[in-house]
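Notes follow once the structure below has been shown.
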Amino acid sequence: MSSSARILPVLFLSGKLLIRSLLVVMLSACVPCAAGASHSYSVTPAGASSVDQAVRAFMQSVAHSVTQDGPMAWIKYFDASPAFFMAVNGQMAFPNPAAAKEGTRTFAQTIRHIELKWGDDLRVDPLTNEFAVVAVSWREIQVDTAGHSVTETGYFTGLAEYREGQWKFRDAHWSSPISSH
């Protein structure tokens, strides 16, 4: 077989791959359009910066309120919609806002004082102008009604949502290190 006869199938195959590659790129570019994506859901660099600052302020307000007002302060920072849930150490703690309210009330009856501090490693990932993922280490000192003090540490992640003029947690997950006992 001549060298030109051997090259033709390679060029043909390369051409088919090139055409397929171009089609994939073109389709990928059109998928957001076809799916009905809207630019209102994207976040500009300026918007991301604004969301980052607002969520950082929100997180500081949460820590301040919980420390000042006790565990019941959490209720005002939980989303009241059915979308809310909270997990702790990989287990569902509160599957909905009603369970969160009841569980927080029960816990608050056992606590005389609580101090919540977020770590200096707060991460805010603005997803849109209304949603941001937060992640941060935490330290909490709890003093129960008998005066016993317990210090706990761990890591917190959550989805913050801006709705009706304020940021709230749409979902949350607390984790603590596993004991080596």
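Miscellaneous remarks
- In straight-distance terms, cross-link reach from Lys76 covers every one of the aspartates and glutamates whose alpha-carbon lies under 14 Å from its own, apart from those fewer than eight places away in the same chain; here that gives Glu102, Glu161, Glu164, Asp171.
- Other residues within the sphere of radius under 14 Å centred on the Cβ of Asp120, judged by their own Cβ, net out at +3 (K and R +1, D and E -1).
- Overall, the ratio between the Cα radius of gyration of the range 40-175 and 2.2 N^0.38 Å, rounded to two decimals, is 1.06.
- Sequence-distant residues sharing a close amide H with Phe84 (under 5 Å, placed H): none
Coordinate-derived values only; no laboratory data. Just so we're clear, the structure is a prediction, and the values are computed from it rather than from any experiment. Don't worry about glycine lacking a Cβ; one is built from the backbone with ideal geometry, like all the others, and counts go over all protein chains shown.
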